[in-house]
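J.: Starting off with a structure, shown below.
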Amino acid sequence: MTDEPLRRVVAEPFSRRRALLGLAAGVGTAAAAGVAGTTPASAAGTAAKAAAPAAAPAASNPAPGAMELFTDSDFNFQALGALGAAGHGSTEVGEVLTAVNSINAAGLSFQTFTDTFRYWGDRLARESAQAGRPGQKQTRRFRALRSSSYYEQALYYVLGTDHPGDEEDVYRSVRAGWDAFVARCDPPAELLSAPYGPHRMPVWFFRPDASCVPRPTVILTNGSDGQNVDMWTYGVASALGRGWNAVVYDGPGQGQMLFVDQVPFTPRWEEVVRPIVDLLIRRPDVDRRRIALTGFSLSGVLAPRAAAFDHRLAALVAGPGVVDPWLAFPADVRSILVGTKAETNHIWNTEVVPSLTADEAFQLKKRFEPYDAAVMRAARQGRMFTDFWTPAQVLVAMNITKVAGRITAPTLVVDFQDEQFFPGQARQLFDLLRSRKEYVRMTRAEGAQLHCSPMAPQHYCETIFDWLDETLDVRP
């Protein structure tokens, strides 16, 4: 499709629909076809429903070389992330594959996917609480972590179910599992906070031991729809294993800040990272000369933005490198944004919203939710948001083309073969950099293709921490 005015696009509903179906981002599906499984009976009994209010999108081809657990590529991508997380104990292969086969047996939909993974979250939360003997600390710990992971899977699609208002409750379940896990780490992670305007951002500080030896420290920045548990898989576990401290946080538009406090994303991510660096440089167990920042998924644009304005950072990783998140939306969606707020919202409400399918409506709610709390509130009530202009303006303002050249920290730009959401942008960011820089591509041959290498998080972490160790001269 060319970037035509929306009025022309509306006259071509098939083309518009095909473009809108490209909206899903950030999560996917993985499982082995043909493994027998049965549908668990959840408390609500909804996982076995044959009918659902929003059916899965029409089948589409998964990316080349990816395991096909679901015929729909978006669900498949979500599950691939769940399967890949098993390498760091965040999930269990057998549990994920059993869930996938239960969903396929029940009929793939937003409802069955959400209910099945919520069932597994409930189950692991109960089992964690029941493992109460002193020698079962590790069992409790990792069952809580897996519980958090499965609730995260449910959280992603809950707005497409017949209970969209459950979103905050599901998030709180994600957080409960995470909190139970980090409290049992050795040493336990410290729950700190950093200011963001009138708000306080939750910050988790992990360290490999209880000594006050100054250590290199990595600040791990999540994306637009991931949760804290993802950062265990994509950084914390690897950092601790190499003697680094690791920091995880919820910024605006993420985790607690979004789902509970209802604070949306800001394009000025330096205002988010600066107070965290302020917090770290005062700690005796942090080597202030070796503070690195990583950006995962959408934060491949946020972390570089922060580094452009905070030169205390000693190294930067963008995985993937991103320059303009607005371009991740199909041209037909971007063409809705015209000269004024009134005209944009008129087109949105009169020409677009009335013709949306249930799947298109979900994709748009989910994709715009982190950028405007009004979108989230409407979605939780089962309604489509009416103000397209406001969240779109936040996305447009995230473009870092004009500031990327200010980055002074050595930078690793990661790209992914078959990148679905930001194709070509990693190379664009690399070309804009004026600092010491390196470019690395994750490939199909390594099983590391697709956005954020869902099947190969260990390979991803090995790559970035090898680079960080070398760049900051960190030795065992």
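The values are calculated or read from the model by the stated rules, or taken from the named source; none is laboratory data. Being a predicted model, the structure only gives us computed values, none of them experimental. Cβ atoms come from the backbone with ideal geometry, glycine included; neighbour counts cover every protein chain shown. We work out accessible area using only protein heavy atoms, side chains counted, and drop any ligands, DNA or RNA first. Shrake-Rupley method; radii C 1.70, N 1.55, O 1.52, S 1.80 Å.
J.: Restricting to the range 423-446, name every residue that is open to solvent by 50 Å² or more (accessible area, probe 1.4 Å) and closer than 17 Å to Leu468 by Cα.
T.: Answer for the range 423-446, where residues must be open to solvent by 50 Å² or more (accessible area, probe 1.4 Å) and closer than 17 Å to Leu468 by Cα: Arg436, Lys437, Glu438, Tyr439, Arg441.
J.: Any chance you could count how many residues in the range 341-367 are hydroxyl-bearing (Ser, Thr, Tyr) and without any contact (Cβ under 8 Å) to a residue 40 or more places away in the chain?
T.: Number of matching residues: 1.
J.: Sticking with this one: Take the range 225-255 and flag every residue that is touching a residue at least 60 places away in the same chain (Cβ under 8 Å) and either farther than 20 Å from Met455 by Cβ or among the small types (Gly, Ala, Ser) (or both).
T.: Listed by number, the residues that qualify are Gly226, Asn228, Gly235, Ala237, Ser238, Ala239, Arg242, Gly243, Trp244, Gly253, Gln254, Gly255.
Results for (1) among the polar types (S, T, N, Q); (2) open to solvent by less than 50 Å² (accessible area, probe 1.4 Å); (3) out of contact with any Phe, Trp or Tyr (no Cβ under 9 Å at 6 or more places or on another chain); (4) at pLDDT 95 or above, shown as yes or no for each residue.
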position	(1), (2), (3), (4)
Phe385	no, yes, no, yes
Thr390	yes, yes, no, yes
Gln393	yes, no, no, yes
Ile400	no, yes, yes, yes
Gln417	yes, yes, yes, yes
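J.: Here's something else I'd like to know. Out of Ala307, Ala328, which single residue is closer than 18 Å to Glu270 by Cα, touching a Lys or Arg at 6+ places or on another chain (Cβ under 9 Å) and not polar (S, T, N, Q)?
T.: Matching residue, one of Ala307, Ala328: Ala307.
J.: Name every residue in the range 225-256 that is surrounded by fewer than 22 Cβ atoms within 10 Å (Cβ to Cβ), closer than 22 Å to Thr91 by Cα and small (Gly, Ala, Ser), in order of residue number.
T.: Within the range 225-256, Ala237, Gly241 qualify.
J.: Take the conditions free of Cβ contacts under 8 Å to residues at least 12 places away in the same chain and over 30 Å from Gly165 (Cα atoms) and apply them to Arg282. Does it pass?
T.: Judged against the criteria, Arg282 is a match.
J.: Now for a different question. Kindly indicate which of Asp310, Asp250, Asp287, Asp278 is charged (D, E, K, R) and either under 24 Å from Phe77 (Cα atoms) or within 17 Å of the chain's Cα centre (by Cα) (or both).
T.: Only one candidate passes the filter, namely Asp250.
J.: What number of residues within the range 135-155 are of a type in the set (Phe, Trp, Tyr) and open to solvent by less than 10 Å² (accessible area, probe 1.4 Å)? Spell out how you get there, then give the answer.
T.: Keep residues of the range 135-155 that are of a type in the set (Phe, Trp, Tyr), which gives 142, 150-151.
Next, from what is left, pick out any that are open to solvent by less than 10 Å² (accessible area, probe 1.4 Å): 150.
Of the residues in that region, 1 qualify.
J.: Scan the range 220-253 for residues that are under 16 Å from Pro188 (Cβ atoms) and of a type in the set (Val, Ile, Thr) and jot them down.
T.: Across the range 220-253, the qualifying residues are Val236, Val247, Val248.
J.: Further, regarding this structure: Checking Tyr171 against (1) over 18 Å from the mean Cα position of the chain (by Cα); (2) in a helix (DSSP H, G or I); (3) under 17 Å from Asp261 (Cα atoms), which single condition isn't satisfied?
T.: (1)
J.: Among the residues of the range 453-476, write down those that are within 27 Å of His311 (Cβ to Cβ) and either within 21 Å of the chain's Cα centre (by Cα) or open to solvent by less than 60 Å² (accessible area, probe 1.4 Å) (or both).
T.: Tyr460, Cys461, Thr463, Ile464, Phe465, Trp467, Leu468, Asp469, Thr471, Leu472, Val474
J.: Related question: Quick one: count up the residues across the range 180-206 that are of a type outside the set (A, V, I, L, M) and either farther than 27 Å from Glu271 by Cβ or open to solvent by 50 Å² or more (accessible area, probe 1.4 Å) (or both).
T.: Here the count works out to 12.
J.: A further question on this structure: Quick one: which of Phe117, Phe110 is closer than 17 Å to Asp225 by Cα, under 23 Å from the mean Cα position of the chain (by Cα) and free of Cβ contacts under 8 Å to residues at least 60 places away in the same chain?
T.: Numbers: Phe110 fails: free of Cβ contacts under 8 Å to residues at least 60 places away in the same chain.
On inspection, the qualifying residue turns out to be Phe117.
J.: Further, regarding this structure: Here is a check on your reading of the model: is Val158 within 25 Å of Ala237 (Cα to Cα) and open to solvent by less than 10 Å² (accessible area, probe 1.4 Å)?
T.: Criteria not met by Val158.
J.: Here's another thing I want to ask about it. How many residues, within the range 65-102, are of a type in the set (Phe, Trp, Tyr), outside any loop (DSSP other than H, G, I, E, B) and open to solvent by less than 10 Å² (accessible area, probe 1.4 Å)?
T.: 1
J.: Let me ask something else. Taking the range 371-381 as the region of interest, how many residues are more than 19 Å from Thr344 (Cα to Cα) and not in a helix (DSSP H, G or I)?
T.: Residues flagged as more than 19 Å from Thr344 (Cα to Cα) and not in a helix (DSSP H, G or I) within the range 371-381 amount to 1.
J.: Evaluate the following for Ala315: is it within 27 Å of Gly87 (Cβ to Cβ) and in contact with a helix residue (DSSP H, G or I) (Cβ under 9 Å, 6 or more places away or on another chain)? If you could, list the steps in order and put the result at the bottom.
T.: On the way: within 27 Å of Gly87 (Cβ to Cβ): yes; in contact with a helix residue (DSSP H, G or I) (Cβ under 9 Å, 6 or more places away or on another chain): yes.
Here the answer is yes, as Ala315 does meet what is asked.
J.: Considering only the range 121-168, state which residues are of a type in the set (Ser, Thr, Tyr), touching a residue at least 40 places away in the same chain (Cβ under 8 Å) and either out of contact with any Phe, Trp or Tyr (no Cβ under 6 Å at 6 or more places or on another chain) or assigned to a helix (DSSP H, G or I) (or both).
T.: The answer is Ser128, Ser148, Ser149, Tyr150, Tyr156, Tyr157.
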